[in-house]
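Notes to accompany the following structure.
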Amino acid sequence: MPGIAVRPASTEEVAAIVKVANRTGYPIVVKGGGNGGGSVTPGEPGRNIMIDMGRLDKIVVDIDNLKVSAGGGACLSTIDDALRPYGYYTSTVIGPYFSATAAGLASRI
Ligand SMILES: Cc1cc2nc3c(=O)[nH]c(=O)nc-3n(C[C@H](O)[C@H](O)[C@H](O)COP(=O)(O)OP(=O)(O)OC[C@H]3O[C@@H](n4cnc5c(N)ncnc54)[C@H](O)[C@@H]3O)c2cc1C
């Protein structure tokens, strides 16, 4: 179990958390949707930090250039929702649709 769970909403907040981890020596683990089973918090139980990336989920669709920018915490399903009005969709075959995140998926590559 993580001793501390945090849900940053910006990269500045992530940086501040990492500084706290460096100062205290608490190890950190980053969590997306948690489907990979690999996000085990390292270190001594209760003396570690889990960073839940779920709030870093901004999605920007630039349909003219066929480009989508998604925060690492954006779920496949919400990226899909953003694309459907334009007649496009994401390939969601390699991750649980409603919980796997863009960054969690990228970790598979
Ligand atoms: C039922 C099921 C079916 C699946 N089928 C397939 C399949 O067919 N093919 C396949 O390849 N995979 C498959 N998977 C695995 C799945 O694709 C991955 O587990 C999923 O994409 C991971 O996404 P997640 O958001 O849950 O990441 P997590 O499990 O939360 O994290 C995965 C890794 O990425 C790191 N991470 C997460 N977010 C960030 C971030 N923002 N920044 C830096 N590091 C980060 C974590 O620390 C961890 O090491 C399946 C999983 C399940 C449960």
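Go through Asp80, Asp62, Asp52 for me and flag whichever is within 10 Å of the ligand (Cβ to nearest atom) and among the charged types (D, E, K, R).
Numbers: Asp80 fails: within 10 Å of the ligand (Cβ to nearest atom); Asp62 fails: within 10 Å of the ligand (Cβ to nearest atom).
Going through Asp80, Asp62, Asp52 in turn, the sole match is Asp52.
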Every residue in region 57-109 that is crowded, with 17+ Cβ neighbours inside 10 Å and in a loop (DSSP other than H, G, I, E, B), please.
Asp57, Gly71, Gly72, Gly73, Ala74, Thr90, Gly95, Ala100
When region 70-104 is examined, which residues are found to be of a type in the set (A, V, I, L, M) and modelled with pLDDT under 90?
Val93, Ile94
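If I filter region 24-40 for residues that are at pLDDT 95 or above, more than 8 Å from the ligand (Cβ to nearest atom), out of contact with any strand residue (DSSP E or B) (no Cβ under 6 Å at 6 or more places or on another chain) and among the small types (Gly, Ala, Ser), do I get at least one hit?
No - not one qualifying residue is present in region 24-40.
Within region 46-54, is there a residue that is over 22 Å from Ala100 (Cα atoms), at pLDDT below 90 and surrounded by 14 or more Cβ atoms within 10 Å (Cβ to Cβ)? Quick ask: steps written out before the conclusion?
First pass over region 46-54, keeping only residues over 22 Å from Ala100 (Cα atoms): 46-48.
Now drop any that are not at pLDDT below 90, which leaves 46-47.
With surrounded by 14 or more Cβ atoms within 10 Å (Cβ to Cβ) added as a condition, the list becomes 47.
Yes, region 46-54 has at least one match.
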Scan of region 3-39 for residues that are more than 15 Å from the chain's Cα centre (by Cα) and assigned to a loop (DSSP other than H, G, I, E, B), ordered by number:
Gly3, Gly25, Tyr26, Pro27
Which pairs do you get when a residue that is on the phi < 0 side of the Ramachandran plot, found in region 94-108, comes within reach of a residue that is acidic (Asp, Glu), reach meaning Cβ atoms under 9 angstrom, with the pair 6+ apart or on two chains?
Tyr97/Asp80; Thr101/Asp57; Ala102/Asp57
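Quick check on this structure: which one of Gly46, Gly71 is within 11 Å of the ligand (Cβ to nearest atom) and free of Cβ contacts under 8 Å to residues at least 60 places away in the same chain? Step through it out loud before you land on a result.
Working: Gly46 fails: within 11 Å of the ligand (Cβ to nearest atom).
Within the list Gly46, Gly71, the selection yields Gly71.
The values are calculated or read from the model by the stated rules, or taken from the named source; none is laboratory data. This one's a predicted model, so the numbers in the text were calculated from it and none came from an experiment. Here the Cβ is made from the backbone with ideal geometry for all residues, glycine too, and neighbour counts use every protein chain on show.
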